[in-house]
Amino acid sequence: MALRVKVRRGGPDVPEDFVFSVLSSILRMKREEYEKIKEEDGSVSIYVKDPEAIVRLQEVGEKYPELIDISFERVSQGGLFSITNKAVKSNIGLALSWSAILFLLLLLSVVPLIGIVFNQLTSIFLYAFLIMIAFELKETDLESRIEEKFSSIKVGRAFSDYLGAGVGMWLGFLLLYLLLIVIFFFLALSFGLIGTLSDLSVHGEVKGGAVSSLVVIAILFFTLGLWLFYVIPLILAKAIGTGTANFESAFKAVLSVLRPSFIKESFSSEYISTGAMWSLVATIGIFGFVLTLALIVTIPIAFLILYWLNIYLSLSAVFYIKKL
């Protein structure tokens, strides 16, 4: 479990380099890392996972309170709502650019012949954008520097720097869906449901046992679908957790859902709160999106809801990484 640690000088007479000396000795932080994350007064807010490092920081803070002030705070899931709102408000241009690109891609996706290509490009763009936001913010102090960091993000980077990652995630999900279809037909053949469905189309009736089998398979796939929805933040976290965001990392992250270790992690105490909160927020958000999409005058609100959900999803993945 990670703790958010705020390290600042104990007084104005204490040299600014004293904070760096403490961090370099305990966390082995390099000068360039410190310069990148330090505040104007030389203080630093970071997430520390190593229990031994946390204990050593506590000891230094208690032993030299006149030289250095070290405070600890547990990462809060509930704060993601306000953090997401701050992020969205800090870069309205990004929201408008994202909405314009998505709207254009959706329009082109209904054009005959070329529509199929643009339909896939829409998915790739959405995946690339999610990975871009998560990767750009994964080293950021979400509570204090989200606005500063988020305001500098440009939508064009989703195409220039993260398009490969978007393709990797798109291809991973495509293979996953194909695998589910194969499994469905395998189960259908095993239970003799292909012939049953044929009888239904010809005679308009099926046997009671066949109905029970259909219900069992339907419940199984519905449950599997809910689980896949629940683990989306975990998949995204895997895609950026290796320190890279490219085709390979995104592709492997999606297919990692087939590993027993991934399934076990999805029900771990560290992830349950993140996955459950995402599922709840996304369900409400999707309902609002569909509701506002019904009227032409409220379509801009629908796009804003969808954009907010995308940012929340990316931040959920970052939040989970910081908790580990």
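The values are calculated or read from the model by the stated rules, or taken from the named source; none is laboratory data. Keep in mind the model is a prediction, meaning the values are calculated, not measured. Positions of Cβ are backbone-derived with ideal geometry, glycine not excepted, and every protein chain shown enters the neighbour counts.
Quick notes on this one:
- Counting only residues that are without any contact (Cβ under 8 Å) to a residue 60 or more places away in the chain and touching a Ser or Thr at 6+ places or on another chain (Cβ under 9 Å), the stretch 131-173 holds 5 of them.
- Complete set of residues in the stretch 158-170 that are part of a helix (DSSP H, G or I) and either loosely packed, with under 14 Cβ neighbours inside 10 Å or touching a helix residue (DSSP H, G or I) at 6+ places or on another chain (Cβ under 6 Å) (or both): Ala158, Ser160, Leu163, Gly164, Ala165, Gly166, Val167, Gly168, Met169, Trp170
- Residue within the stretch 75-86 that is within 27 Å of the chain's Cα centre (by Cα), modelled with pLDDT under 85 and not small (Gly, Ala, Ser) present: yes
- Qualifying position, being closer than 28 Å to Glu147 by Cα and touching a Pro at 6+ places or on another chain (Cβ under 9 Å), among Ser99, Ser82, Ser43: Ser99
- Any hit, the stretch 123-144, residues being more than 19 Å from Ala245 (Cβ to Cβ) and crowded, with 18+ Cβ neighbours inside 10 Å: yes
- Unmet requirement for Asn119, which otherwise passes all of (1) within 27 Å of Ile46 (Cα to Cα); (2) of a type outside the set (A, V, I, L, M); (3) surrounded by 13 or more Cβ atoms within 10 Å (Cβ to Cβ): (1)
- Checking Ala302, Ala237 one by one, the residue that is within 23 Å of Phe319 (Cα to Cα) and either surrounded by 18 or more Cβ atoms within 10 Å (Cβ to Cβ) or free of Cβ contacts under 8 Å to residues at least 60 places away in the same chain (or both) is Ala237 and no other.
- Qualifying residue in the stretch 136-147 (condition: over 18 Å from Ala317 (Cα atoms) and of a type in the set (Lys, Arg)): no
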